[in-house]
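**Q** Take this structure, written in structure tokens, and hold onto it; I'll ask about it next.
The values are calculated or read from the model by the stated rules, or taken from the named source; none is laboratory data. Not measured: the values here are computed from a predicted model. Positions of Cβ are backbone-derived with ideal geometry, glycine not excepted, and every protein chain shown enters the neighbour counts.
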Amino acid sequence: MCTLNFHPNWVVLQLNVTNAFNLVSKRVIFRELHALGENIIQFSPFVQAFYAFESPLFYSHYNHDGNVMVIPSAMGICQNHFLGRALFALTHFRALHFTINHFPSYIFPSIINNTHIINPPSPPLYPLHMNIFKLISM
């Protein structure tokens, strides 16, 4: 990671949310679009054309009779869809903004469903150090 090359004493945690695109609520997408204001609301019918209705998911299990079941999905956005990444960022923003406000000294670069939590060192409240020599002698 590039950050650690420049700041080897920083702590960096990378989070990759599994199945994040499939778990985004379509209801949240439209709530966040409307929260952005009047200019974006005009864009809403275009987004609704792709995401307003349940999408069919096709499921087949090899242990059964081989028939394909269709499961309606009220959640999820397609990662490869031209709007998918922007809509994911829109739904992810409120939680990320909340976290940033509660941890102002941390850095939170976030790209699609990968969020990094970077904690630049500050003077520790309790300067604790590991006694490596005691560990070796055990």
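This table checks each residue for (1) at pLDDT 80 or above; (2) touching a strand residue (DSSP E or B) at 6+ places or on another chain (Cβ under 9 Å).
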{"position": "GLU54", "(1), (2)": "no, yes"}
{"position": "SER60", "(1), (2)": "no, yes"}
{"position": "VAL70", "(1), (2)": "no, yes"}
{"position": "ALA95", "(1), (2)": "yes, no"}
{"position": "TYR106", "(1), (2)": "yes, yes"}
{"position": "ILE118", "(1), (2)": "yes, yes"}
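**Q** Report the residue count in the range 108-117 for those that are surrounded by 15 or more Cβ atoms within 10 Å (Cβ to Cβ) and over 19 Å from HIS81 (Cβ atoms).
**A** Residues flagged as surrounded by 15 or more Cβ atoms within 10 Å (Cβ to Cβ) and over 19 Å from HIS81 (Cβ atoms) within the range 108-117 amount to 4.
**Q** Looking only at the range 73-88, which residues are in contact with a Leu (Cβ under 9 Å, 6 or more places away or on another chain) and assigned to a helix (DSSP H, G or I)?
**A** LEU87
**Q** I've got another one for you. Considering only the range 72-93, how many residues are small (Gly, Ala, Ser), surrounded by 14 or more Cβ atoms within 10 Å (Cβ to Cβ) and at pLDDT 80 or above?
**A** Going through the range 72-93 one residue at a time, the tally reaches 2.
**Q** Filtering the range 28-45 down to residues that are of a type outside the set (A, V, I, L, M) and either loosely packed, with under 10 Cβ neighbours inside 10 Å or farther than 25 Å from ILE111 by Cβ (or both), which residue is modelled with the lowest pLDDT?
**A** Within the range 28-45, the match that is modelled with the lowest pLDDT is ASN39.
**Q** A further question follows. Which residues, counting only those in the range 45-57, are farther than 16 Å from SER25 by Cβ and part of a helix (DSSP H, G or I)?
**A** PRO45, PHE46, ALA49
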